[in-house]
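Everything on this sheet refers to the single structure shown next.
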Amino acid sequence: MITNINKNPKKLKIGLLGFRSNYLINPLHMMGFINFKSIEIDDIDESYDLVVETGVYNIISNEVLNKPKYGTIGFHESPLPEGRGHAPIQWAILNKKNNFTITLYKLDNGVDTGNIIYQYNIPIDNIDTYEKMEEKRKIGIENCFTEFLKELSLGVIVEREQTGKSSYHKKRNPEDSLLDDSKSLIDLWDNIRVCDNKNYPAHFFVDGRKVILRYEVVDDNK
């Protein structure tokens, strides 16, 4: 589906929503878009041409999503329809994926079910930690959004329906950072590196006592 923009695209009133919305500012500046600002969900109204979200975990009603003239779009870090739901970066590693995909899509009232606008792939290296993957997420969102803005600058928004087999990832809890101490560290590496050292560190138990394992990848050649 192609939506034609009936005004100068670079003057569209764009709302930026979510705790990662600062990732979107540099691409907007670089591509010459001038009418945008950071907003909260309650700020969304019919005066906006487009709202872009990244880092929103609240459920937004369909009524609110459809208030902007061209709707609300957002990012999910999986090749939708595969990997809907929670913790897409961690599940990409745990499922032995060679890359993870930043998907820009049209938000609707389903869980990551809206039409796809653009997808951008980023390779996963064997030594990528959770911290490194967060850096790659930022780069991926910036690059994916830039490609979308290039198309938007031409006066169109192109959408396509999701196709293929869908899957859903469950939410990860602090208990998921518990390591199986019957396995070697090499076998546990993926389980270790998806853990957040600060908030949800990897751990195991010795004589009933919790032992925290924090990790770092260093280059011994430097």
Revision key, fill the gap. Counting only residues in segment 141-167 that are charged (D, E, K, R) and in a helix (DSSP H, G or I), the one farthest from P9 (Cα to Cα) is identified as E142
Exercise for review: Residue by residue through segment 165-222, note down the ones that are out of contact with any helix residue (DSSP H, G or I) (no Cβ under 7 Å at 6 or more places or on another chain) and among the hydroxyl-bearing types (S, T, Y).
Suggested key: S166, S167, Y168, S177, S182, S184
Revision key, fill the gap. Scanning segment 1-24 residue by residue, those loosely packed, with under 14 Cβ neighbours inside 10 Å and either among the basic types (K, R) or under 11 Å from V52 (Cβ atoms) (or both) turn out to be K7, K11
Review point. Quick check: is even one residue across segment 39-56 farther than 17 Å from K171 by Cα, aromatic (F, W, Y), in contact with a Pro (Cβ under 9 Å, 6 or more places away or on another chain) and at pLDDT below 95?
Key: no
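Can you pull out every residue in segment 190-204 that is free of Cβ contacts under 8 Å to residues at least 24 places away in the same chain and open to solvent by 50 Å² or more (accessible area, probe 1.4 Å)?
Selection gives K198, N199.
Could you tell me which residue of segment 168-178 is farthest from T129 (Cα to Cα), considering only residues that are in a strand (DSSP E or B) and open to solvent by 40 Å² or more (accessible area, probe 1.4 Å)?
Filtering segment 168-178 for residues in a strand (DSSP E or B) gives 168-169, 178.
If we keep only those that are open to solvent by 40 Å² or more (accessible area, probe 1.4 Å) as well, we get 168, 178.
Details: Y168: 23, L178: 17 Å.
Filtering segment 168-178 for residues that are in a strand (DSSP E or B) and open to solvent by 40 Å² or more (accessible area, probe 1.4 Å), the one farthest from T129 (Cα to Cα) comes out as Y168.
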Practice item. Looking for whichever is touching a residue at least 24 places away in the same chain (Cβ under 8 Å), under 20 Å from the mean Cα position of the chain (by Cα), within 21 Å of E77 (Cα to Cα) and open to solvent by 50 Å² or more (accessible area, probe 1.4 Å) here; the options are E147, E142, E134, E159. Which one fits? Key: E147
**Study point:** Residue among D187, D219, D181 that alone is modelled with pLDDT of 95 or more and open to solvent by 60 Å² or more (accessible area, probe 1.4 Å)
**Key:** D187
Exercise for review: Could you look through segment 69-78, keep only residues that are in contact (Cβ under 8 Å) with a residue 24 or more places away in the chain and more than 11 Å from the chain's Cα centre (by Cα), and pick out the one that is most open to solvent (accessible area, probe 1.4 Å)?
Suggested key: Y70
Review point. Within segment 90-131, which residues are of a type in the set (S, T, N, Q), open to solvent by 50 Å² or more (accessible area, probe 1.4 Å), within 14 Å of P79 (Cα to Cα) and more than 14 Å from the chain's Cα centre (by Cα)?
Key: N95, N98
Exercise for review: Would you check if I59 is out of contact with any helix residue (DSSP H, G or I) (no Cβ under 7 Å at 6 or more places or on another chain) and open to solvent by 80 Å² or more (accessible area, probe 1.4 Å)?
Suggested key: yes
Check your understanding: Among the residues of segment 12-56, which ones are touching a residue at least 24 places away in the same chain (Cβ under 8 Å), under 18 Å from K67 (Cα atoms) and either of a type in the set (K, R) or part of a helix (DSSP H, G or I) (or both)?
Key -> K13, I41, D43
Review point. Just wondering, is there one or more residues in segment 42-51 that are open to solvent by 10 Å² or more (accessible area, probe 1.4 Å), closer than 30 Å to I124 by Cα and not polar (S, T, N, Q)?
Key: no
Review point. How many residues are of a type in the set (G, A, S) and outside any strand (DSSP E or B) if we restrict to segment 189-211?
Key: 1
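The values are calculated or read from the model by the stated rules, or taken from the named source; none is laboratory data. Being a predicted model, the structure only gives us computed values, none of them experimental. With ideal geometry, Cβ positions are generated from the backbone for all residues, glycine too; neighbour counts draw on all protein chains shown. The protein model used for the area step is the full one, side chains on, heavy atoms only, and it has no ligands, DNA or RNA in it. Shrake-Rupley method; radii C 1.70, N 1.55, O 1.52, S 1.80 Å.
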